[in-house]
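Structure, as structure tokens:
The numbers here are math on the coordinates, done by the rules we state, and not lab data. Everything quoted here is computed from the prediction, not taken from an experiment. Because the Cβ atoms are built from the backbone with ideal geometry, glycine has one as well, and the counts that use them run over all protein chains shown.
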């Protein structure tokens with residue numbers, strides 16, 4: 001019955017006698033020659049060979065792509081490095097922009113207007129004091145110095161009073177700042 005199962009599974013061995021089968025089990029060289037002549041083994045080796053050739057073909061394809069992949073990797077790294085540098089630059093520009101915008105926000109502008117108003121008042125008062133001290137020491141014979149002083153003092157005071165008016169309007173809520 002064991003022989004029937006063997007011959008039904010391996011019909012190539014059906015023609016062998018009992019002695020040939022015993023020799024097959026006892027002689028490794030004979031076993032190998034019969035084993036490698038079996039159709040199932042031949043098809044297994046054929047499939048293995050085909051898979052090996054397919055793997056070789058895939059490997060050759062991969063190797064042929066290797067240079068392009070390295071080039072793409074280099075390009076990608078370069079693009080990534082450039083993107084990081086641009087991101088850093090972007091952050092610097094945003095910081096610079098915030099600093100610039102801060103100089104134009106309403107609170108900062110009001111502060112600048114108040115300082116400029118005070119400075120304008122101080123400058124006009126300094127010119128007036130200088131004129132008064134200079135004219136009391138040496139009275140001027142012609143009116144040119146007086147005319148120059150009046151013109152300059154009047155211009156300085158005009159700017160001062162405009163700034164005071166703008167500050168008053170701002171304080172009373174008459175100034176609106178648009179963000180556009």
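Observations on the structure shown:
- Percent of Cα pairs in region 105-171 per distance bin of 10 Å, from zero to the largest separation: 20, 40, 23, 13, 4, 0.
- Between 0 and 90°, nearest 10: helix 106-137 axis offset from the chain longest Cα axis: 30 degrees
- Centre separation in Å (Cα based) which lies between region 19-83 and region 144-180: 92 Å
- Calculated log₁₀ intensity ratio I(q)/I(0) where the Debye formula runs over C-alpha points of the chain, q = 0.18 Å⁻¹: -1.17
- For region 46-109, the spread of Cα positions along each principal axis, largest first, Å: 87, 19, 8
- Gaussian network model of the chain, Cα within-10 Å springs - most flexible of 77, 40, 102: 40
- Helix 28-37 axis, angle to the chain major axis (alpha carbon atoms, nearest 10°): 70 degrees
- Principal axis box of region 1-71, alpha-carbon based, largest edge first, Å: 66, 23, 15
- Value at 222 nm in deg cm²/dmol, rounded to 500, when DSSP H runs of n ≥ 4 in the chain each add -39,500 (n - 2.57): -30000 deg cm²/dmol
- The angle between the Cα long axis of helix 144-171 and the main principal axis of the chain comes to about 50°, on a 0 to 90 degree scale.
- Sites residue 30 and residue 8, calculated FRET efficiency, Cβ-Cβ separation with R0 25 Å, nearest 0.05: 0.65
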